[in-house]
Amino acid sequence: MRTDRLLWLAALCACSCGRAPSEQVVVYVSTDPHIAQPVLEAFERQTGIDVLLVGDTEAKKTTGLVERLRAEQDAPVADVFWSSEAMHTVTLAQDGVLAEHDDDSLSGWPDAFRDPDGRWFGFSPRPRVIVYHAERMQPDDLPVTWEDAADPRWQDRVVLADPRFGTTGGHLGAMLAGWTERGQPERFDAMVEGLAANNARMLPGGNAAVVDAVLRGEADLGFTDADDVRAAQRRGLPVKMLYPRHDTDGTGGGTFLMPNTVSIVEGAPNQIAAERLLAYLLSDDVARQLAESDSGNIPLSSAVAADYPDLIAPDPFTVDLGLAAARRADAVDRLLRALRATGTAP
């Protein structure tokens with residue numbers, strides 16, 4: 001398998017060198033390469049189809065590939081888009097960049113994790129969490145909800161990744177959409193205003209930079225993804241994570257799960273191979289690979305998830321991903337305006 005940030009040039013070359021379309025598939029991937037590559041290599045071994053992987057930088061995770069897909073819409077290079085963030089995928093589907101895919105074998109896929117027209121499918125999500133330093137913080141002192149992290153007692157002690165890239169913006173969109181659906185839209189602005197009043201700082205470098213800031217003692221709490229915390233723990237670093245709730249009463253108000261998504265690009269040059277790769281990424285085999293990977297993604301299949309009880313996030317936050325995608329830009333803008341007013345965001 002070939003992989004490079006500029007691999008689209010290699011893809012164009014391969015397509016023009018007489019190779020049959022069914023022998024290769026070009027996949028744009030925002031999931032970390034060390035997670036995605038073993039999965040795609042297994043696909044190559046099983047099918048004999050060459051995979052050309054195009055990734056992106058950590059700082060522009062997902063966003064750079066989305067821009068590339070839009071730029072190439074009239075002459076697609078990619079066949080498949082595997083994203084670690086769902087909201088941009090939803091928007092690409094709405095804008096006609098992604099193809100409808102009708103497959104009877106996927107008719108039972110969970111409605112909350114699929115587009116009604118089959119333009120994207122969510123799989124193997126990972127939780128959005130708060131990271132803290134295990135040696136500086138006591139469990140009883142930690143916030144119970146995301147809104148608790150905006151309490152004045154966390155003044156100058158909270159960091160988060162740039163919401164214009166990666167999963168942070170999607171999570172903000174999910175908060176705004178979910179609370180609005182529950183008839184409580186004011187909760188989002190109250191949280192944003194609280195973060196700004198506390199001088200919460202926005203960091204470049206993605207969610208991994210948030211974990212690093214907590215480790216260096218620059219913050220006590222960081223908004224991040226579970227896999228970034230696990231990566232630090234594997235290195236023996238003293239960080240832990242908590243699963244803050246979005247609501248404290250009823251059900252469906254717990255942890256937000258950000259799914260991976262997979263889509264076939266409209267006009268994909270290698271349609272048959274693309275369909276095979278999509279089916280593979282939605283298989284139980286891949287769910288197990290991702291659960292057992294360093295990322296520790298959560299299987300959607302209850303039968304598969306039963307084998308990984310330590311990964312299960314309690315009472316996931318119920319929110320329509322389409323609504324979350326629609327709210328994302330507004331949510332990001334509200335946070336940026338508030339943080340810029342205090343000088344903690346560029």
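The values are calculated or read from the model by the stated rules, or taken from the named source; none is laboratory data. Keep in mind the model is a prediction, meaning the values are calculated, not measured. When we count neighbours, we look across all protein chains shown, and the Cβ atoms used for this are built from the backbone with ideal geometry, even at glycine.
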Tell me whether the range 125-134 contains one or more residues that are of a type in the set (Phe, Trp, Tyr), closer than 17 Å to Thr255 by Cα and part of a strand (DSSP E or B).
yes
Looking at Arg327, Arg245, Arg288, which is the one that is of a type outside the set (A, V, I, L, M), more than 28 Å from Ala213 (Cα to Cα), assigned by TED's automatic domain parsing to the domain that holds Glu193 and under 19 Å from the mean Cα position of the chain (by Cα)?
Arg327
Looking for whichever is surrounded by fewer than 21 Cβ atoms within 10 Å (Cβ to Cβ) and modelled with pLDDT of 95 or more here; the options are Ala86, Ala71. Which one fits?
Ala71
Output the residue which, of all residues in the range 195-238 that are under 27 Å from Ser293 (Cβ atoms) and in contact with a Lys or Arg (Cβ under 7 Å, 6 or more places away or on another chain), is modelled with the lowest pLDDT.
Gly206
Restricting to the range 144-169, and then to whatever is of a type in the set (Asp, Glu) and in a helix (DSSP H, G or I), can you tell me which residue is farthest from the chain's Cα centre (by Cα)?
Asp148
Which of the residues that make up the range 216-240 are free of Cβ contacts under 8 Å to residues at least 60 places away in the same chain and closer than 23 Å to Arg340 by Cβ?
Glu218
Within the range 232-240, can one find any residue that is among the β-branched types (Val, Ile, Thr), within 17 Å of the chain's Cα centre (by Cα), surrounded by 18 or more Cβ atoms within 10 Å (Cβ to Cβ) and in the same structural domain as Glu186 (by TED's automatic domain parsing)?
no
What do you reckon, is Ala213 surrounded by 17 or more Cβ atoms within 10 Å (Cβ to Cβ) and either under 24 Å from Asp247 (Cα atoms) or touching a residue at least 12 places away in the same chain (Cβ under 8 Å) (or both)?
yes
Taking the range 170-189 on its own, how many of its residues are free of Cβ contacts under 8 Å to residues at least 24 places away in the same chain and in a helix (DSSP H, G or I)?
1
Considering only residues that are among the small types (Gly, Ala, Ser) and in contact with a Lys or Arg (Cβ under 9 Å, 6 or more places away or on another chain), which ones fall in the range 109-148?
Gly122, Ala134
Among the residues of the range 75-84, are any within 24 Å of Ala305 (Cα to Cα), touching a residue at least 60 places away in the same chain (Cβ under 8 Å) and either in the same structural domain as Val239 (by TED's automatic domain parsing) or in a strand (DSSP E or B) (or both)?
yes
First in the range 102-127 and farther than 30 Å from Tyr243 by Cα, second anywhere and part of a strand (DSSP E or B), Cβ under 7 Å, 6 or more apart:
Leu106/Phe121; Arg119/Leu98; Arg119/Ser263
Please verify whether the range 23-33 includes one or more residues that are among the hydroxyl-bearing types (Ser, Thr, Tyr), surrounded by fewer than 21 Cβ atoms within 10 Å (Cβ to Cβ) and at pLDDT 95 or above.
no
In the set Tyr280, Tyr243, the lone residue that is hydroxyl-bearing (Ser, Thr, Tyr) and under 30 Å from Ala75 (Cβ atoms) is Tyr280
Provide a single number: the residues in the range 226-251 that are in contact with a Gly (Cβ under 9 Å, 6 or more places away or on another chain) and part of a loop (DSSP other than H, G, I, E, B).
4
Answer yes if at least one residue in the range 144-167 is among the hydroxyl-bearing types (Ser, Thr, Tyr) and surrounded by fewer than 24 Cβ atoms within 10 Å (Cβ to Cβ), and no otherwise.
yes
Which listed residue is over 17 Å from Asn270 (Cβ atoms), at pLDDT 95 or above and of a type outside the set (Gly, Ala, Ser), from Leu40, Leu92, Leu6:
Leu92
